[in-house]
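Enquirer: A single structure is presented below for examination.
The values are calculated or read from the model by the stated rules, or taken from the named source; none is laboratory data. The structure displayed is predicted, hence computed values, not measured ones. Because the Cβ atoms are built from the backbone with ideal geometry, glycine has one as well, and the counts that use them run over all protein chains shown. In case anyone asks, the SASA skips ligands and DNA or RNA and just uses the protein heavy atoms, side chains included. Shrake-Rupley method; radii C 1.70, N 1.55, O 1.52, S 1.80 Å.
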Amino acid sequence: MAIIPVELAGRSYEVKVAHGLLQDIADHAAPFLRKQNVPIVADANAKSHWGAVIEASLQTVGKEPHWYEIAPGESSKSWESLARLTEWLLEQGVERGDHVLALGGGVVGDLTGFACAILKRGCGFVQLPTTLLAQVDSSVGGKTAINTPAGKNLVGAFHQPSLVLADLDTLSTLPQRELRAGYAEVLKYGILGDAEFFDWLAENGPDVVNLQASALEHAVGTSVAAKARIVAEDERETTGTRALLNLGHTFGHALEAETGFSERLLHGEAVALGMVLAARYSARRGELREADSQRITEAIDAAGLPSEIAALGMDATGDTLVGHMLHDKKMDSGTLPFILLRGIGDAWLAKDVDLADIAVFLDGQLQAH
Ligand code: GLY
């Protein structure tokens, strides 16, 4: 088992990464279960796979789960769902010193974390992420949010969990496409800050997506450790360090917006394309070697992720995509910061990017292949 500390003054916690954590949840979460009733907010699919396992463990220590099911999908990250969930937590008598368990992917973690941030001005919660994307990214670091008609994640709070249990067994019930999309975020840690990890993934990536146990534990553990380091250094994304986690996200967000935030392009797939674009744009500026840009494309191809925006068949131009970027929540006084690359493992925050040049670059990419 990997136990990764997230060091935050007064709010430090551990992320445990291993197979079989949920079957012993009563032991792992014991310090956070002070009452007999245990409120658990769960994605309906995750509950159908793991509900009985969790119940069996809690019952061995006389705990009684009280379930609240969330419909799968981004539409659950709404004001209405937040209101219903907080009302339910109040009905359950959840107090500030209590902990709510969140079982599922990013949607459940973000919604439950936000409800816990505002319930009685803040109660505790434990993340039980069941998707690769949630295990390596959204469950760690305390970003919680809902979506509004104006955009995704525009209303939220920083609220750190008290414990994260990333049970690798849960990945065996994930659809392959979703698993690969989560793998894009694993690759991201190598590309942005760890060339050795990138080399390891270039070699062992197929084992990771095929869920080979030791490869998976190494990939998730290394990713979480990278995220924990970054969050400990810049919890509220004020110094530029945490912003590096947005590698591929500005391009990716524009592609998601153009495809309607739909099944047509999953978030992780958009991030994969976004990282290819960030690498190619960095090479175009003369700051990244073409060979490194090519290696990034190859690693993304090898994972079965999309790497060419022309292949998406979008009816878009560079200007349309830049138009979406203007609504990006990272816009700052008319400029949009981009995460660019100087090498594999060497990302940096560029604040001098001209959006007109990005539009020309994207036109080239939309026609190139
Ligand atoms: N997902 C990006 C972050 O946690 O900062």
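Enquirer: How many nm separate the modelled label positions at I3 and Q212, each set 7 Å beyond the Cα in the direction of the Cβ?
Expert: So the two model labels end up 2.9 nm from each other.
Enquirer: Hey, which of these cross-link pairs are over 22 Å Cα-Cα: K47/K227; K143/K329; K35/K120?
Expert: K47/K227
Enquirer: Probe of 1.4 angstrom, ligands and nucleic acids ignored: what's the accessible area per residue over region 161-223, in square angstrom? List each step's numbers first, then the result.
Expert: Details: 2090 Å² over 63 residues.
Each residue of region 161-223 exposes 33 Å² on average to a 1.4 Å probe.
Enquirer: Something else about it: Name the residues whose placed amide hydrogens come within less than 5 Å of the amide hydrogen of F125, ignoring near sequence neighbours (fewer than 5 apart) on the same chain.
Expert: V100, S162
Enquirer: Using Cα pairs closer than 8 Å and at least 6 residues apart in sequence, work out the relative contact order for the chain, in percent.
Expert: 14 percent
Enquirer: Determine the percent antiparallel among the DSSP beta bridges restricted to region 1-97, to the nearest 5.
Expert: About 40 percent, rounded to the nearest 5.
Enquirer: Okay, next question. Given the chain, what percent of its DSSP beta bridges are antiparallel, to the nearest 5?
Expert: 40 percent
Enquirer: Just check region 278-327 against the gyration tensor rule for me: Cα atoms, a ≥ b ≥ c as the square roots of the eigenvalues, rounded for a/c under 1.5, and otherwise prolate or oblate depending on whether a/b exceeds b/c.
Expert: oblate
Enquirer: Pull out a ≥ b ≥ c, the square roots of the eigenvalues of the alpha-carbon gyration tensor of region 4-151, then state rounded if a/c is under 1.5, prolate if not and a/b is larger than b/c, and oblate in the remaining case.
Expert: Because its axes are fairly even, with a/c under 1.5, region 4-151 counts as rounded.
Enquirer: Continuing with this model, one more query. Suppose R0 equals 35 Å; then what is the FRET efficiency for R11 and A150 from their Cβ-Cβ distance, rounded to the nearest 0.05?
Expert: Working from the Cβ atoms, E equals 0.75.
Enquirer: Right, here's the next one. Provide the solvent-accessible area of T317, counting protein heavy atoms only and rolling a 1.4 Å probe, rounded to the nearest 10 Å².
Expert: Solvent-accessible area, nearest 10 Å²: 70 Å².
Enquirer: How big is the dipole moment of the chain about its Cα centre under a simple scheme where the beta carbon of each Lys and Arg is +1, that of each Asp and Glu is -1, and everything else is neutral? Debye, nearest 20, please.
Expert: In total the dipole reaches around 880 debye.
Enquirer: Next question. Suppose each label sits 7 Å from its Cα in the direction of the beta carbon; what would the D301-F158 distance come out to in nanometres?
Expert: Taking the simple label geometry, D301 and F158 are separated by 4.1 nm.
Enquirer: Would you mind calculating the gained length between E290 and E95 on full extension (0.36 nm times residue separation, minus the Cα-Cα distance), in nm to one decimal?
Expert: Numbers: separation 195, 0.36 × 195 = 70.20 nm, distance 5.55 nm.
Gain on extension, E290 to E95, equals 64.6 nm.
Enquirer: If you don't mind, another one. Looking at S81, L341, G151, which one has the Cα that reaches farthest to the positive end of the dipole of the chain (charges on Cβ: Lys, Arg +1; Asp, Glu -1)?
Expert: So the residue we want is S81.
Enquirer: How far is helix 44-60 tilted off the main Cα axis of the chain, in degrees rounded to 10, range 0 to 90?
Expert: Tilt of helix 44-60: around 40 degrees.
Enquirer: In nm, to one decimal, how far is the modelled label at D27 from the one at S78, with both set 7 Å along Cα→Cβ?
Expert: About 4.2 nm separates the two model spin labels.
Enquirer: Using helices alone, what [θ] at 222 nm do you get for the chain, with -39,500 (n - 2.57) per DSSP H run of 4 or more residues, divided over all residues and rounded to the nearest 500?
Expert: -14500 deg cm²/dmol
Enquirer: Angle, helix 249-258 long axis vs. longest principal axis of the chain, Cα atoms, 0 to 90°, nearest 10?
Expert: 90 degrees
Enquirer: Still on this model: Put +1 on the Cβ of each Lys and Arg and -1 on the Cβ of each Asp and Glu in the chain; which of S48, T60, G221 then has its Cα farthest toward the positive end of the dipole?
Expert: Final value for the positive-end residue is T60.
Enquirer: Helix 176-193 versus the longest principal axis of the chain: what angle, 0 to 90°, nearest 10, using Cα atoms?
Expert: Its long axis makes an angle of about 70 degrees.
Enquirer: Let me ask you something else. Give me the dipole magnitude in Debye, nearest 20, for region 13-91 about the Cα centre, with unit charges on the beta carbon: positive for Lys and Arg, negative for Asp and Glu.
Expert: About 140 debye.
Enquirer: Taking Cα centroids, how far is region 270-290 from region 1-60 in Å?
Expert: 39 Å
Enquirer: State to the nearest 20 debye the size of the charge dipole of region 277-369 about its Cα centre, where the only charges are +1 on K and R beta carbons and -1 on D and E beta carbons.
Expert: 240 debye
Enquirer: Give the separation of the Cα centroids, region 219-238 to region 326-369, in Å.
Expert: 23 Å
Enquirer: Further, regarding this structure: Any chance you could look up the accessible area of H327 with a 1.4 Å probe, heavy atoms only, rounded to 10 Å²?
Expert: Here the accessible area works out near 140 Å².
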